[in-house]
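Take a look at the structure set out below.
The numbers here are math on the coordinates, done by the rules we state, and not lab data. Worth saying up front: this structure is predicted, and the values here are computed from it rather than measured. We place every Cβ from the backbone using ideal geometry, glycine too, and count neighbours over all the protein chains shown.
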Amino acid sequence: MTATTKKTRQGSVVSNKMDKSVVVLVERKVRHKMYGKYIRRQIKYMAHDAANQCNIGDVVLIEECRPLSKNKRWLVRSIIERSV
């Protein structure tokens, strides 16, 4: 049996209008192959928030999990920073 580590991402909550779900925006910087300039790439993940404790603007850590619904494949592990 092999121990697999689950993927984690850090991002900010952009929507919490659903019950037990949040949308997390994860941003990363990628270097352009030809010009060498760093480009911002962003993607939105739907994550499961069982306690409904995330608010818009919070910085959260999400972890990959089994499919929970059609779009949810991530789980909110912890809230790193609360929004003001």
Review point. Is it the case that region 71-80 has a residue that's exposed (fewer than 10 other Cβ atoms within 10 Å of the Cβ) and of a type in the set (Lys, Arg)?
Key: no
Practice item. Collect the residues in region 42-84 that are farther than 23 Å from Thr5 by Cβ, of a type outside the set (A, V, I, L, M) and more than 14 Å from the chain's Cα centre (by Cα), keeping them in residue-number order. Key: Asn52, Gln53, Ser69, Lys70, Arg82, Ser83
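Could you please let me know if Arg66 is basic (Lys, Arg) and either assigned to a strand (DSSP E or B) or touching a Leu at 6+ places or on another chain (Cβ under 7 Å) (or both)?
Numbers: basic (Lys, Arg): yes; either assigned to a strand (DSSP E or B) or touching a Leu at 6+ places or on another chain (Cβ under 7 Å) (or both): no.
So Arg66 fails the test.
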Study note, to complete from the structure: Ala47 fails exactly one of (1) of a type in the set (Gly, Ala, Ser); (2) surrounded by 12 or more Cβ atoms within 10 Å (Cβ to Cβ); (3) part of a loop (DSSP other than H, G, I, E, B), namely (3)
Check your understanding: Counting only residues that are closer than 15 Å to Lys72 by Cβ and in a loop (DSSP other than H, G, I, E, B), how many does region 11-44 have?
Key -> 5
Study note, to complete from the structure: Counting only residues that are more than 21 Å from Val84 (Cα to Cα) and loosely packed, with under 10 Cβ neighbours inside 10 Å, region 8-30 contains a total of 2
